[in-house]
Amino acid sequence: MTDDETSDARRVRAAREMPAGHGPPTTSAGDASGVRDLGDGLLIRPLTVEDVDLRLAHVQALVPESGRDGTPLFAPYGRDDPYPVDTARASTLERWTRSLDVPRWGRSWGVFDGDALVGDGELHGGDLRSLLHRTTLGMGLRRSHCGRGLGRALLTTLVDWAVAQPILDWIDLGVFEGNAPARALYRALGFVETGRAVDRFRVDGAHVTDISMTLDLRARRA
Ligand SMILES: CC(C)(COP(=O)(O)OP(=O)(O)OC[C@H]1O[C@@H](n2cnc3c(N)ncnc32)[C@H](O)[C@@H]1OP(=O)(O)O)[C@@H](O)C(=O)NCCC(=O)NCCS
């Protein structure tokens, strides 16, 4: 365990003593390994092809939490439009096995509580060679594990990894306007708003404004 990881573990433990929504301060591990041992049985690590079914099951369980029981709407799937798990398996494996200089690459990380996958984050490349300097981020934790500092630790892990990839200069993402926790987390780690698409998604009757945010990785390499 590195000094940074020890410090992360301390922050996560401290966050557990705090009310939900008041997690630890910004981390800055600068660790490109993509592995972060948070202590107390919590681990962030890259997912491999052996993890694909675990990851799909996680997303299938996560999506129905969107917009329910106090959780903000975060997924672009309605009640009658479930996450397409069958097609997702093949496309996920394809993304994970492409190198970063090939369009449609992807890498995912898991947040494990013991053996249970309780969160995931993904970075993926665009469809064109001319997009290879940018990557798009998505992430989600199960409600049971939100508000404990894990989102910050996961995002920091992904950003640190991306900073260490010379081919990547920007991380982009889209976040629903009403998703205050996610927007606050992204702002806290330096993402800036670049645009808004009003009525971008319609989910179970809701007209959803999608906010584009971006992080300039070059500024972190100075
Ligand atoms: C959004 C999400 C990743 C945040 O992760 P998290 O582990 O809950 O957040 P953390 O405990 O690490 O907190 C990090 C920061 O997020 C913000 N945040 C977290 N919970 C919040 C809440 N309830 N209200 C407002 N801000 C909140 C704060 O800025 C916080 O920093 P602070 O602790 O210094 O105040 C997580 O809640 C999640 O996965 N939600 C469901 C899926 C989702 O919305 N994904 C993003 C789609 S774009």
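What number of residues within the stretch 185-202 are within 11 Å of the ligand (Cβ to nearest atom) and in contact (Cβ under 8 Å) with a residue 60 or more places away in the chain?
Qualifying residue count for the region: 2.
Regarding the stretch 126-140, can at least one residue be identified that is assigned to a strand (DSSP E or B), within 11 Å of the ligand (Cβ to nearest atom) and more than 16 Å from the chain's Cα centre (by Cα)?
No, because not a single residue in the stretch 126-140 is assigned to a strand (DSSP E or B), within 11 Å of the ligand (Cβ to nearest atom) and more than 16 Å from the chain's Cα centre (by Cα).
ALA222 - would you say it is away from the ligand (no atom under 13 Å from the Cβ), more than 19 Å from LEU73 (Cα to Cα) and among the aliphatic types (A, V, I, L, M)?
Criteria met by ALA222.
Exactly one condition in (1) modelled with pLDDT under 95; (2) surrounded by 19 or more Cβ atoms within 10 Å (Cβ to Cβ); (3) aliphatic (A, V, I, L, M) is not met by VAL85; state its number.
Just one mismatch for VAL85, condition (2).
If THR209 satisfies every condition in (1) more than 14 Å from the ligand (Cβ to nearest atom); (2) farther than 25 Å from VAL111 by Cα; (3) not acidic (Asp, Glu) but one, which is the exception?
Exception for THR209: condition (1).
Could you list all residues from the stretch 58-95 that are assigned to a helix (DSSP H, G or I) and either more than 16 Å from the ligand (Cβ to nearest atom) or more than 21 Å from ARG143 (Cα to Cα) (or both)?
VAL85, ASP86, THR87, ALA88, ARG89, ALA90, SER91, THR92, LEU93, GLU94, ARG95
Could you give me the residue pairs with C-beta distances under 6 Å whose first residue belongs to the stretch 203-216 and is on the phi > 0 side of the Ramachandran plot, whose second residue is among the basic types (Lys, Arg) wherever it lies, and which are 6+ apart or on separate chains?
Cβ pairs passing all conditions: ASP204/ARG79.
Does LEU100 satisfy the criteria of being of a type outside the set (Lys, Arg), in a loop (DSSP other than H, G, I, E, B) and either within 16 Å of the ligand (Cβ to nearest atom) or touching a residue at least 24 places away in the same chain (Cβ under 8 Å) (or both)?
Spelling it out, LEU100 is indeed of a type outside the set (Lys, Arg), in a loop (DSSP other than H, G, I, E, B) and either within 16 Å of the ligand (Cβ to nearest atom) or touching a residue at least 24 places away in the same chain (Cβ under 8 Å) (or both).
Against the conditions (1) within 18 Å of the chain's Cα centre (by Cα); (2) in a loop (DSSP other than H, G, I, E, B), where does GLY110 fall short? Just the number, please.
If we test GLY110 against (1) within 18 Å of the chain's Cα centre (by Cα); (2) in a loop (DSSP other than H, G, I, E, B), just (2) comes out false.
From the residues in the stretch 161-184 that are in a helix (DSSP H, G or I) and free of Cβ contacts under 8 Å to residues at least 40 places away in the same chain, which one is farthest from the ligand (Cβ to nearest atom)?
ARG183
Under the condition of being more than 6 Å from the ligand (Cβ to nearest atom) and surrounded by fewer than 21 Cβ atoms within 10 Å (Cβ to Cβ), which residue from the stretch 141-160 is nearest to ARG95 (Cα to Cα)?
ASP160
The values are calculated or read from the model by the stated rules, or taken from the named source; none is laboratory data. All values reported here derive from a predicted model rather than from experimental measurement. Glycine also receives a Cβ, built like all others from the backbone with ideal geometry; neighbour counts cover every protein chain displayed.
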